[in-house]
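Engineer: For reference, the structure I am asking about is given below.
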Amino acid sequence: MVAEVKELHQSNTEIERMQRIFAAQKAAFRQHPYPTAEQRIELINRLRPLLANHADDWVQVINEDFTNRAADETRLAEILITLEGLKYTTKKLRKWMKPSKRSVSALSWPGKTWVEYQPLGVVGVIVPWNYPIQLAVVPIITALAAGNRVMVKMSEATPKAGALLEKLIGETFPEDQVAIFNGEVEVGQAFSQLPFDHLLFTGSTAVGRHIMRAAADNLTPVTLELGGKSPCIIGQDFPMKDACERIAFGKCLNSGQTCVAPDYILCPENRVQEFVEAWRAQVTQSYPTMLNNPDFTAIVNGRQQQRLLGYLKDAREKGAEVIEINPANEDFSNSQKIPHTLVLNVTDDMQIAKDEIFGPLMIVVPYKTLDDAIEYVNERPRPLALYYFDWNSTNGDHVLKNTHSGGVCINDTISHVGVDDIPFGGIGDSGMGAYHGPEGFKTLSKAKGIYKKGKFNATRFILPPYGRGMHKLIQKHMIK
């Protein structure tokens with residue numbers, strides 16, 4: 001009881017701090033509503049040493065949060081990718097900020113018109129646990145590039161990473177510019193109810209719906225980066241060894257705890273066994289042992305582990321074939337790790353067929369023709385990513401034009417997320433909006449349309465009382 005009261009007090013204290021800082025950021029924005037390009041770039045560049053100079057600290061705290069997170073995965077997916085995004089953004093920012101000239105119709109002549117991208121104000125960011133640094137700092141970079149103030153709610157599942165980011169951000173920025181918040185569910189609920197000028201959420205589709213409902217009370221626009229079951233289609237003639245090598249990058253990174261990780265494989269029915277053996281060989285090559293292998297990332301916590309083990313139990317009970325790839329025959333019963341596992345003969349009533357897996361399990365679905373594979377994808381909610389392996393460009397174009405997904409990789413997996421110049425975002429159940437590239441800058445800006453009238457006032461000829469001038473104008477342009 002004492003512990004519960006203490007946690008409640010801590011939550012209330014954090015909520016009070018959150019409300020105070022929100023008011024301070026709104027006030028600061030009113031005082032400085034349009035930072036220059038130089039000011040924005042200076043703010044963004046403050047993040048560089050926060051990442052680069054503390055790389056070992058980030059590796060340590062994220063490893064502790066996960067019980068084991070591969071150090072090089074943290075360096076690659078949390079630090080390097082984020083630094084590349086920072087460099088790209090500061091290089092492109094002046095170009096993005098330039099007014100965009102637009103054409104004036106004959107009815108609006110004489111005059112000129114353009115679009116200016118204006119900062120919104122205070123942007124809220126809600127961060128998941130799977131990549132806590134990348135998915136906090138990249139939105140911060142985008143929000144600062146657009147001239148905004150930023151408040152970030154970290155995941156309670158990665159408290160040590162959240163605490164370090166809060167400490168370093170507090171040492172780097174005044175709280176009325178960027179602020180980090182940690183805390184349990186009550187803090188997250190209070191955060192999502194603040195009247196932000198934009199709210200960016202990364203997480204599950206189920207929680208995304210709650211976020212959108214909370215934001216609706218304030219008419220707060222949202223960007224939802226959700227997930228879903230991202231399919232991977234292997235073409236009939238694509239070399240299977242090459243396919244598995246490229247799929248492994250997307251599926252093995254972070255033990256599949258990635259929103260765009262391949263969820264299920266659509267494999268030509270005559271090549272299923274070939275895929276199983278090639279996948280087994282690839283996983284074995286990457287992880288000859290797993291239990292004490294520092295390169296093999298653990299599941300983030302016991303709740304997520306039990307969810308994944310529950311999928312396997314349910315699938316077995318309903319008749320699926322479960323193939324565990326465990327080269328050293330290790331015992332994982334007292335570990336937070338799960339070996340990579342394939343699940344075949346899956347039926348729609350199995351829970352693993354319904355939910356995003358978000359772990360080292362992968363479904364294999366046989367198909368007869370490419371159109372059958374496309375139909376299978378289209379019968380399901382639109383995914384965050386789709387992967388297709390085929391050297392035949394005609395087939396690739398056919399897949400692109402006949403499926404919907406947030407993004408696509410052809411002959412690779414997840415690499416599109418690291419391409420800074422293209423948008424990243426979902427569609428349908430996998431989300432809405434985007435925050436990478438110029439699209440991200442526009443998402444967190446107000447595109448303000450501006451029209452400036454010339455000295456000659458042509459509208460005086462069409463003022464009431466209406467007569468021949470108005471009639472001639474309407475007739476002339478209607479005929480055209």
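Engineer: Among the candidates 107, 76, single out the residue that is exposed (fewer than 12 other Cβ atoms within 10 Å of the Cβ), assigned by the TED database to the domain that holds residue 130 and more than 18 Å from residue 159 (Cβ to Cβ).
Structural biologist: When all the criteria are applied, what remains is 107.
Residue-by-condition table, conditions (1) surrounded by 14 or more Cβ atoms within 10 Å (Cβ to Cβ); (2) in contact with a helix residue (DSSP H, G or I) (Cβ under 6 Å, 6 or more places away or on another chain):
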| site | (1), (2) |
| --- | --- |
| 407 | yes, yes |
| 428 | yes, no |
| 441 | yes, yes |
| 448 | no, no |
| 463 | no, no |
| 469 | no, yes |
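Engineer: Further, regarding this structure: What is the residue count in the stretch 93-125 for residues that are of a type in the set (A, V, I, L, M, F, W, C) and either in contact with a Leu (Cβ under 7 Å, 6 or more places away or on another chain) or under 20 Å from residue 32 (Cβ atoms) (or both)?
Structural biologist: Of the residues in that region, 7 qualify.
Engineer: Still on this model: Please find, within the stretch 188-225, the residue that is farthest from residue 251 (Cα to Cα) out of those that are of a type in the set (Val, Ile, Thr) and surrounded by fewer than 22 Cβ atoms within 10 Å (Cβ to Cβ).
Structural biologist: Filtering first and then ranking leaves 220.
Engineer: Which one of these is surrounded by 23 or more Cβ atoms within 10 Å (Cβ to Cβ) and at pLDDT below 95: 228, 162?
Structural biologist: 228
Engineer: Quick one: residue 168 ticks every box in (1) in a helix (DSSP H, G or I); (2) buried (at least 24 other Cβ atoms within 10 Å of the Cβ) bar one, so which box is it?
Structural biologist: Condition (2) is where residue 168 drops out.
Engineer: State all residues of the stretch 447-479 that are in contact with a strand residue (DSSP E or B) (Cβ under 8 Å, 6 or more places away or on another chain) and closer than 15 Å to residue 107 by Cβ; if no residue qualifies, say none.
Structural biologist: Result: 451, 453, 454.
Engineer: Kindly evaluate residue 360 against the criterion of being under 22 Å from residue 300 (Cβ atoms), touching a strand residue (DSSP E or B) at 6+ places or on another chain (Cβ under 7 Å) and without any contact (Cβ under 8 Å) to a residue 60 or more places away in the chain.
Structural biologist: Taking the combined requirement at face value, the residue does not satisfy it.
Engineer: Tell me which of these residue 251 doesn't satisfy, since it passes every other one: (1) within 28 Å of residue 290 (Cα to Cα); (2) in contact with a Pro (Cβ under 6 Å, 6 or more places away or on another chain); (3) outside any helix (DSSP H, G or I).
Structural biologist: The failed condition is (3).
Engineer: Please go through the stretch 293-309 and give me each residue that is surrounded by fewer than 13 Cβ atoms within 10 Å (Cβ to Cβ) and either more than 17 Å from residue 62 (Cα to Cα) or at pLDDT below 95 (or both), ordered by number.
Structural biologist: 303, 306 - these are the residues of the stretch 293-309 that are surrounded by fewer than 13 Cβ atoms within 10 Å (Cβ to Cβ) and either more than 17 Å from residue 62 (Cα to Cα) or at pLDDT below 95 (or both).
Engineer: Being in contact with a Phe, Trp or Tyr (Cβ under 8 Å, 6 or more places away or on another chain) and surrounded by 23 or more Cβ atoms within 10 Å (Cβ to Cβ): is that true of residue 144 here? It would help to see each step written out before you state the result.
Structural biologist: On the way: in contact with a Phe, Trp or Tyr (Cβ under 8 Å, 6 or more places away or on another chain): no; surrounded by 23 or more Cβ atoms within 10 Å (Cβ to Cβ): yes.
So residue 144 fails the test.
Engineer: Then there is this: Can you pull out every residue in the stretch 266-285 that is crowded, with 18+ Cβ neighbours inside 10 Å and polar (S, T, N, Q)?
Structural biologist: Hit for the stretch 266-285 is 282, nothing else.
The values are calculated or read from the model by the stated rules, or taken from the named source; none is laboratory data. From a predicted model like this one, the values you see are computed outputs, not experimental measurements. All Cβ positions, glycine included, derive from the backbone under ideal geometry; neighbour counts span all protein chains shown.
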